[in-house]
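Accompanying notes for the structure given below.
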Amino acid sequence: MSYIGKTPTIGNFQVCDAISVVNGQAAYTMQVGSVNVSPESANHMLVSLNGILQKAGSSFTVSGSTITFASNLVTGDVIDFIQILGNVLDLGVPSDATVSLAKLTATGTKSSSTFLRGDNTFASPSSDYVKLATGTVSAQSTVSIDGYYTTDYNMYKLYMMGVHQNATGQDLFARVNISGSAQSDTSYAFGYRYQGVNSSGANNVGDSGGWTSNAVTITNNMSSSVQYSSILDITIFDPLSTTARKNYTYHNMTNYNNDGGILNQMGGFQYRGNTSAHSGLSFFAGNSQTTTIEHWVLYGLKI
């Protein structure tokens, strides 16, 4: 290609650090800024020894970052300079912050949730276990965690910590949501078993359940103090299915009645009203009390 005026100069031109001659030594390491450098070939270099430009390939050779002169140098010889011309077909080293996305010819959508793969395409990270949502709840009569299920996952884990109410000795109940609305008809079947010990050392063992209940008992005799708050995890199986009734299992540990006693409860439930897809869960306290959840988090899983 012809140019009007001066032809553009390209290539990563570098001048090597000064090299001290060692008597009887022919091979030397080339560095720029104390970092080893490797020229494309001997033909990409200008080397001056004792004021005389050396011929590449006969006066010296190059292997990696080592230059070897045709004969050993002696005390008094001076390597005036070694200039590396770079690959004259290269565009040179781009300046910082000059390579734009358009120069990459990458395909896909660039966003905060994608990454650039080795095949030059943007992709979303995939995982079999992903945090979908998290939040806190402060003194609400009804807590709804809804709208986070997707077709990417067929099982979910909901964890809660710091669960307590504004009155002691109350229970926490759950209902499933369909299209964002809690189902309050008597179509719940559930069962649970509990075991614990109170502050006086008395053991408590029992079980309970229901077949035509309008809600599911998730915890018993909760505390009103964050000091004695409950923890809870719920497993949600295939909530978007429209062909089967959905199943849930749960486990909680409650410090009941503000006395420091421990009650462990495990159970499961099913909503038997229809096979419609579920969109979430709603929780409410007994006797019109309010519920606080210091922290909750929902994960999606692929199985």
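Which ³J(HN,Hα) values, rounded to whole Hz and listed in residue order, are derived for region 166-183 from phi using the Karplus coefficients 6.51, -1.76 and 1.60 in 6.51 cos²θ - 1.76 cosθ + 1.60 with θ = phi - 60°, glycine and proline given as x? With coefficients 6.51, -1.76 and 1.60, one gets 7, 9, 7, x, 9, 9, 10, 10, 10, 9, 7, 9, 10, 6, x, 10, 5, 8 Hz. In this simple spin-label model, placing a label point 7 Å from the Cα along the Cα-to-Cβ direction at both Ser124 and Thr242 gives a separation of 2.1 nm. Given Ile84, Thr98, Val197, which one lies farthest toward the positive end of the charge dipole of the chain, if we put +1 on the Cβ of every Lys and Arg and -1 on the Cβ of every Asp and Glu? So the residue we want is Val197. Database remark: amide H of Gly261 closer than 5 angstrom to the amide H of Ser199, Tyr256 (H placed geometrically; neighbours at sequence offset of 5 or more, or on other chains; Pro and chain starts carry no H). Exposed loop sites are taken as chymotrypsin sites (Phe, Trp or Tyr not before Pro) in a DSSP loop (any state but H, G, I, E or B) with at most 16 other beta carbon atoms within 10 Å; the longest stretch of the chain without one runs 149-303. Averaging the sequence gap over all C-alpha pairs within less than 8 Å and six or more residues apart, then dividing by the number of residues, gives region 129-301 a relative contact order of 42 percent. Rank Ala244, Ala202, Ala167 by mean-square fluctuation in a GNM of the chain with C-alpha springs under 10 angstrom and give only the top-ranked residue. Result: Ala202 has the largest fluctuation of those listed. Computed about its Cα centre, the charge dipole of the chain is approximately 580 debye, with only Lys, Arg, Asp and Glu carrying charge at their Cβ.
Remark: spin-label model distance Met266-Thr134 equals 2.8 nm, labels positioned 7 Å along the Cα→Cβ axis. The relative contact order of the chain comes to 21 percent, based on Cα pairs under 8 Å that sit 6 or more residues apart.
Remark: spin-label model distance Ser111-Ser179 equals 2.7 nm, labels positioned 7 Å along the Cα→Cβ axis.
Between Thr66 and Asn166, full extension at 0.36 nm per residue minus the direct alpha carbon distance yields a gain of 28.2 nm. Remark: C-alpha extents of the chain on the principal axes read 100, 52, 30 Å, sorted largest to smallest.
Residues whose amide H comes within less than 5 Å of that of Asn247, counting only those at least five positions distant or on another chain, are Phe237 (H built at 1.01 Å from N in the peptide plane).
To make sure I understand, if each residue's beta carbon is the centre and we count other beta carbons within 10 Å, what order do His251, His164 fall in, fewest to most? Before the final figure, lay out the partial values.
Numbers: His251 16, His164 27.
Lowest count first: His251, His164.
Here, each number is a calculation from the coordinates, and none is a lab measurement. All values reported here derive from a predicted model rather than from experimental measurement. Every residue, glycine among them, receives a Cβ derived from its backbone with ideal geometry; neighbour counts consider all protein chains shown.
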